[in-house]
Amino acid sequence: MKPDLRLHKFHILSQVKDLKESSQFYRALGLIALKENLFSDGEACIELREHCQNIPSVYIEAHNDKDVFNHYQDRGIIFDCSSQDDGSTELFFTDPNGLNIFLGEKSPQYPRGNCDTKILELSQSTKYYLDSINFWVQLGANCDAMRADYPRTLMRNEAFKLGLHDNSKYKGQGIILSVKEEAISELKKKGFPVMKNPDGSHLCFSPEGIKCTLILA
């Protein structure tokens with residue numbers, strides 16, 4: 001029988017600097033506050049942590065912990081341990097681009113609220129475009145190849161959405177979100193600088209310094 005490699009949860013992790021300011025930012029974007037440090041679009045989440053080795057990082061949970069853990073090990077994934085603020089430890093590994101992926105035990109699903117804002121992807125530039133795609137396919141992700149101005153591939157596994165961008169055209173990391181026009185106005189009202197890109201999308205930076213590209217829904 002094929003292993004169940006579906007991912008139950010997907011969090012984009014960032015290290016918090018000012019929790020109040022960050023909360024205002026993500027609420028203004030239109031995300032739902034599930035906890036004081038956790039903001040959801042009804043499926044994917046942005047999670048703020050006191051300590052985070054690299055930002056952004058990724059946290060995932062599987063529908064079947066055993067299947068996913070065994071499959072990842074069979075594919076040569078080497079896990080390390082990270083200590084958390086509450087004294088617990090989490091397993092994590094890195095992809096070919098150095099992105100840290102934390103693997104947690106399955107926990108109850110969050111309530112799905114009505115949210116107009118959607119987290120479309122965590123964007124990651126890569127020097128190892130084909131190797132990175134193959135890495136995630138081997139771990140059970142679906143591959144949506146998209147070529148607009150440059151090679152870009154979206155790796156999907158239920159809530160998990162990682163956009164791989166050719167390093168020669170796109171540098172660094174960021175989050176792409178779909179938002180209503182009201183979110184742009186709310187960000188400006190709260191004092192967060194928002195710039196308009198030539199393609200009609202908007203650019204802003206979270207209080208933690210993460211680049212956020214906003215596409216009007």
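Give LYS106/LYS171; LYS9/LYS211; LYS35/LYS127; LYS190/LYS211; LYS9/LYS190 a once-over and call out the pairs whose C-alpha atoms are over 26 Å from each other. In this structure, LYS106/LYS171; LYS35/LYS127; LYS9/LYS190 exceed 26 Å between Cα atoms. With R₀ fixed at 35 Å, the C-beta to C-beta distance from CYS143 to LYS196 puts the FRET efficiency at about 0.65. Extension gain, SER82 to LYS17: 0.36 nm times the residue separation minus the Cα-Cα distance gives 21.4 nm. In this simple spin-label approximation, ASP116 and HIS51 carry label points 7 Å from Cα along the Cα→Cβ vector, and these lie 4.0 nm apart. Would you work out if segment 101-158 is rounded, prolate or oblate? Take a ≥ b ≥ c from the square roots of the eigenvalues of the alpha-carbon gyration tensor; rounded if a/c is under 1.5, else prolate when a/b is larger than b/c, oblate otherwise. The shape class here is oblate. The trypsin sites (Lys or Arg not before Pro) of segment 173-217 that DSSP puts in a loop, and whose beta carbon has at most 13 other beta carbons within 10 Å, are LYS190. 3J(HN,Hα) along segment 200-206: x, 6, 10, 10, 8, 10, 5 Hz, from the Karplus curve 6.51 cos²θ - 1.76 cosθ + 1.60 with θ = phi - 60°, whole Hz, x for Gly and Pro. The ranking of THR213, THR89 from fewest to most other beta carbons within 10 Å of each one's beta carbon is THR89, THR213. Each residue in THR94, THR153 was given a count of other beta-carbon atoms within 10 angstrom of its own, and listing them fewest first yields THR94, THR153. Straight-line cross-link partners of LYS161 among the aspartates and glutamates, defined as a Cα under 17 Å from its Cα and at least 8 positions apart when in the same chain: ASP41, GLU43, GLU47, GLU61, ASP95, GLU121, ASP144.
Fewest Cβ neighbours within 10 Å first, please rank ASP41, ASP74 accordingly. Don't jump to the answer; show the numbers that get you there.
Numbers: ASP41 22, ASP74 10.
With the sparsest Cβ surroundings first, the list reads ASP74, ASP41.
Taking all Cα pairs closer than 8 Å and separated by 6 or more residues, the relative contact order of the chain comes to 22 percent.
Give me Rg over Rh for segment 118-216, both radii from the alpha carbons and Rh done the Kirkwood way, two decimal places.
Here Rg/Rh amounts to 1.01.
Restricting segment 55-164 to chymotrypsin sites (Phe, Trp or Tyr not before Pro) that sit in a DSSP loop and have at most 16 other Cβ atoms within 10 Å of their own Cβ leaves PHE79, TYR128.
Binning the alpha carbon pair distances of the chain at 10 angstrom intervals from zero yields the distribution 8, 34, 37, 18, 3, 0, expressed in whole percent.
Any read-out appearing in this document is the output of simple, stated calculations on the displayed coordinates, not a laboratory observation. Just so it is clear, the structure is predicted and the values come from calculations on it, not from any experiment. In this analysis, Cβ positions are derived from the backbone assuming ideal geometry, glycine residues included, and neighbour counts consider all displayed protein chains.
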